[in-house]
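Participant: Pasting a structure here, questions to come.
The values are calculated or read from the model by the stated rules, or taken from the named source; none is laboratory data. Because the structure is predicted, anything quoted here is derived from the model rather than measured. Cβ atoms come from the backbone with ideal geometry, glycine included; neighbour counts cover every protein chain shown. Just the protein is used for accessible areas: all its heavy atoms, side chains included, with ligands, DNA and RNA removed. Shrake-Rupley method; radii C 1.70, N 1.55, O 1.52, S 1.80 Å.
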Amino acid sequence: AGAIASIFNAPIAGLVFSVEVILGEWKFVNIIPIAIAAVAGAEISQAIIPDQVIFSHQPFHVGFSDILPSLSLALVTALVSVSFTKVLRQTGKIAKKIDLPVWIRAAIGGCTVGIIAIYMPVVLAEGYHSIQSMISGNFSMGIFLTSLAVFAKIFATSMTLGWGGSGGIFAPCLLIGSLTGIVFYKALLGIFPTIGCASSGAYALLGMTGLISGVMQAPLTGIFLIVEITGGYEAILPLIIVSSISSTMSHYIEPASFYFK
């Protein structure tokens, strides 16, 4: 809780993640020390790095016309979440069956990611720069390459974690989710050019919520994390819709989340 709160400047998300994902039960006796840890982490982080905002954006204008697209996006993010989880698990199983030293397996995974990155640099590192450009509406990649980037990041993350590399799941979910949201937005405008929905940045935000909620099967974590790290409170209703449906559908298809594989 303290680590998440300090890294993302998101104490509520740190608290909710620890209780919702790690403990899996809401008990008063657990919430108090976790809340103290989350607040302490956020406050110390703020003292060292004041005004820490990972992603900034202009206010989104979300209206009634975004409700139905949010329902559709939730189904898309659920499918991407399940695919991501399955690829992660299968990649790890394949790597463990290969009789090679751990360092060689890690080298194979790293080289694979490097080759992918030559042609698709967006898969490198945490991808925060790309996420910022998507939220700001400055992402110039076309729908085909953006769709390809979704699968490339899924595969690159799976090769990193499954083959012995070191990495987390939060940042990949944020990047894959934002890319999924952009693909959905571009497809939506291609089919309904006069729909009058919110900006592409809002849908990148919704996509991030859908992936966090779907992969971790933690709807509250998805909502509070995205709201706190972006300040996108104006999109709270679509965030709730996407998060709840994505996590529910993911749980129905793949009962165990990534953290309980």
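Participant: Calculate the spin-label point distance for TYR119 paired with ILE49, positioning each point 7 Å from the Cα along the beta-carbon direction, and give it in nanometres.
Facilitator: A separation of 3.4 nm, rounded to one decimal place.
Participant: Per 0.36 nm of contour for each residue apart, how much would the distance between SER140 and SER166 grow if the chain were fully extended, relative to their Cα-Cα spacing?
Facilitator: 6.3 nm
Participant: Could you do me a favour and compute the accessible area per residue for region 1-86, 1.4 Å probe, result in Å²?
Facilitator: 53
Participant: Where does each of THR157, THR194 land when they are ordered by accessible area, with a 1.4 Å probe and the largest first?
Facilitator: THR194, THR157
Participant: Leaving ligands and nucleic acids out of the surface, order MET249, MET159 by accessible area at 1.4 Å, largest first.
Facilitator: MET249, MET159
Participant: Still on this structure, please answer the following. Mind checking which lysines have their Cα closer than 18 Å to the Cα of LYS153? Skip sequence neighbours fewer than 8 apart in that chain.
Facilitator: LYS86
Participant: Taking the solvent-accessible surface of protein heavy atoms with a 1.4 Å probe, what is the per residue accessible area of region 209-259 in Å²?
Facilitator: Spelled out: the 1.4 Å probe surface of region 209-259, per residue, equals 34 Å².
Participant: Given a 1.4 Å probe and every protein chain left where it sits, what share in percent of the accessible area of the chain is carbon and sulfur?
Facilitator: Heavy-atom surface of the chain belonging to carbon and sulfur, 1.4 Å probe: 70 percent.
Participant: Return the calculated 222 nm mean residue ellipticity for the chain, to the nearest 500 deg cm²/dmol, obtained by summing -39500 (n - 2.57) across DSSP H runs with n ≥ 4 and dividing by the residue count.
Facilitator: -23000 deg cm²/dmol
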